[in-house]
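Visitor: I have a structure I would like to understand better, so I am pasting it below and will then ask my questions one at a time.
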Amino acid sequence: MKKIIAVDGPAGAGKSTVSKIVAARLGYTYIDTGAMYRAVALKVLQSGKPAEDVIQDIDIKLDEAAQVFLEGVEVTKDIRTPEVSRGASDVAKFGFVRQKLTELQRAMATQGKVIMDGRDIGTQVLPNADLKIFLTATVEERARRRFVELKEKGFAANFDQIKKEITLRDKQDSEREIAPLAQAQDAVLLDSTSLTIEQVVAEILRLAQG
Ligand code: CDP
């Protein structure tokens with residue numbers, strides 16, 4: 001059984017949904033690194049301070065139920081707004097932010113039995129992961145999923161706006177200088193456009209057991 005699984009890919013490809021299910025089936029810990037970038041962005045927005053100051057002594061914790069805590073306060077839902085999504089992609093450009101979060105993420109993975117999702121897990125954070133997945137889908141499908149997800153969470157959502165924001169964030173994430181969104185050479189490419197959640201989960205479980 002593969003002990004460390006890295007899942008990367010663009011916004012809305014289904015990384016967190018399938019990673020959570022795979023973690024539950026294998027008895028692994030799920031680590032959502034995007035939530036950590038989102039927490040940094042939320043702290044910047046809340047404090048009005050620059051990312052350089054905010055990152056110094058930031059306290060971010062993820063629990064077993066994938067709840068997110070910033071300075072001891074639960075912010076699981078607060079980090080899902082479009083404003084924080086944009087902010088996360090903005091702070092993710094800074095080397096000092098990436099360095100700090102990468103250290104935290106590596107520390108979280110030392111004991112193994114983890115599935116970690118993000119943009120640079122297979123390429124930078126855990127280059128020795130036992131299994132690397134690069135999960136994609138067309139931008140139309142990813143925008144549709146994010147639209148449904150935001151609606152379900154009670155946020156106002158506009159499909160065209162979401163599609164525009166996802167396209168912009170993908171471009172920003174793929175073109176940044178430090179640790180851009182990229183498929184690792186040894187990652188398995190999974191296009192989830194016409195697959196159900198269960199089909200993607202089954203494929204990852206099959207690869208994890210191989
Ligand atoms: O859930 P969604 O795919 O929309 O995004 P996320 O995984 O929560 O990540 C939010 C933002 O954090 C991304 O757009 C990236 O800019 C950044 N991020 C990153 O740079 N590296 C990671 N390992 C994870 C996220």
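Visitor: Checking Gly154 against (1) farther than 30 Å from Leu205 by Cα; (2) near the ligand (Cβ under 9 Å from one of its atoms); (3) among the small types (Gly, Ala, Ser), which single condition isn't satisfied?
Guide: Evaluating Gly154 over (1) farther than 30 Å from Leu205 by Cα; (2) near the ligand (Cβ under 9 Å from one of its atoms); (3) among the small types (Gly, Ala, Ser) leaves (2) as the failure.
Visitor: Please go through segment 103-123 and give me each residue that is out of contact with any strand residue (DSSP E or B) (no Cβ under 9 Å at 6 or more places or on another chain) and either over 19 Å from Asp8 (Cβ atoms) or near the ligand (Cβ under 8 Å from one of its atoms) (or both), ordered by number.
Guide: Answer for segment 103-123, where residues must be out of contact with any strand residue (DSSP E or B) (no Cβ under 9 Å at 6 or more places or on another chain) and either over 19 Å from Asp8 (Cβ atoms) or near the ligand (Cβ under 8 Å from one of its atoms) (or both): Ala107, Thr110.
Visitor: Of these, Ala156, Ala179, which one is at pLDDT 95 or above and among the small types (Gly, Ala, Ser)?
Guide: The unique qualifying residue is Ala179.
Visitor: A follow-up question, please. Limited to segment 152-206, what total is found for residues that are more than 23 Å from Ala23 (Cα to Cα), of a type in the set (Val, Ile, Thr) and out of contact with any Gly (no Cβ under 9 Å at 6 or more places or on another chain)?
Guide: Summing the residues that are more than 23 Å from Ala23 (Cα to Cα), of a type in the set (Val, Ile, Thr) and out of contact with any Gly (no Cβ under 9 Å at 6 or more places or on another chain) in segment 152-206 gives 1.
Visitor: Looking at segment 19-40, which of the residues that are among the aliphatic types (A, V, I, L, M) and within 12 Å of the ligand (Cβ to nearest atom) is nearest to Val148 (Cα to Cα)?
Guide: Ala35
Visitor: Is there any pair with a first residue in segment 147-169 that is loosely packed, with under 13 Cβ neighbours inside 10 Å and a second that is among the charged types (D, E, K, R) and assigned to a helix (DSSP H, G or I) whose Cβ atoms are under 7 Å apart and which are 6 or more apart or on different chains, and what are they?
Guide: As it stands, the answer is Lys153/Arg80, since those pairs meet every condition given.
Visitor: Ok, one more. For segment 16-36, which positions are in a helix (DSSP H, G or I) and either in contact with a Pro (Cβ under 7 Å, 6 or more places away or on another chain) or open to solvent by 20 Å² or more (accessible area, probe 1.4 Å) (or both)?
Guide: If the condition is that a residue be in a helix (DSSP H, G or I) and either in contact with a Pro (Cβ under 7 Å, 6 or more places away or on another chain) or open to solvent by 20 Å² or more (accessible area, probe 1.4 Å) (or both), then Ser16, Thr17, Lys20, Ile21, Ala24, Arg25, Leu26, Gly34 are the ones that fit.
Visitor: Please pick out the residue among Ala208, Ala109, Ala182 that is under 19 Å from the mean Cα position of the chain (by Cα), open to solvent by less than 30 Å² (accessible area, probe 1.4 Å) and touching a residue at least 24 places away in the same chain (Cβ under 8 Å).
Guide: The unique qualifying residue is Ala109.
Visitor: Can you name every residue in segment 164-185 that is outside any helix (DSSP H, G or I) and not aliphatic (A, V, I, L, M)?
Guide: Matches in segment 164-185: Arg176, Glu177, Pro180, Gln183, Gln185.
Visitor: Does segment 65-73 contain any residue that is open to solvent by 80 Å² or more (accessible area, probe 1.4 Å) and closer than 23 Å to Pro180 by Cβ?
Guide: There is no residue in segment 65-73 that is open to solvent by 80 Å² or more (accessible area, probe 1.4 Å) and closer than 23 Å to Pro180 by Cβ.
Visitor: For Ala88, are the conditions met, namely being crowded, with 17+ Cβ neighbours inside 10 Å and within 8 Å of the ligand (Cβ to nearest atom)?
Guide: The answer is yes for Ala88.
Visitor: Against the condition closer than 19 Å to Glu203 by Cα and either within 9 Å of the ligand (Cβ to nearest atom) or part of a strand (DSSP E or B) (or both), how does Ile5 come out, does it pass?
Guide: Working: closer than 19 Å to Glu203 by Cα: yes; either within 9 Å of the ligand (Cβ to nearest atom) or part of a strand (DSSP E or B) (or both): yes.
Against the criterion (closer than 19 Å to Glu203 by Cα and either within 9 Å of the ligand (Cβ to nearest atom) or part of a strand (DSSP E or B) (or both)), Ile5 qualifies.
Visitor: Moving on. Does at least one position in segment 116-132 carry a residue that is over 17 Å from Gly34 (Cβ atoms), over 19 Å from the mean Cα position of the chain (by Cα) and open to solvent by 60 Å² or more (accessible area, probe 1.4 Å)?
Guide: Scanning segment 116-132, I find no residue that is over 17 Å from Gly34 (Cβ atoms), over 19 Å from the mean Cα position of the chain (by Cα) and open to solvent by 60 Å² or more (accessible area, probe 1.4 Å), so the answer is no.
Visitor: Looking at the structure I just gave you, is Ala41 part of a loop (DSSP other than H, G, I, E, B) and either in contact with an Asp or Glu (Cβ under 8 Å, 6 or more places away or on another chain) or at negative phi (or both)?
Guide: When the stated conditions are applied, Ala41 does not pass them.
Visitor: Among the candidates Ile31, Ile4, which residue alone is within 14 Å of Gly122 (Cα to Cα) and under 10 Å from the mean Cα position of the chain (by Cα)?
Guide: Within the list Ile31, Ile4, the selection yields Ile31.
The values are calculated or read from the model by the stated rules, or taken from the named source; none is laboratory data. All figures in this text were calculated on a predicted structure; none of them were measured in a lab. Counting neighbours? That spans all protein chains shown, and the Cβs are built from the backbone with ideal geometry, glycine included. These accessible areas exclude ligands, DNA and RNA; they are computed on the full protein's heavy atoms, side chains included. Shrake-Rupley method; radii C 1.70, N 1.55, O 1.52, S 1.80 Å.
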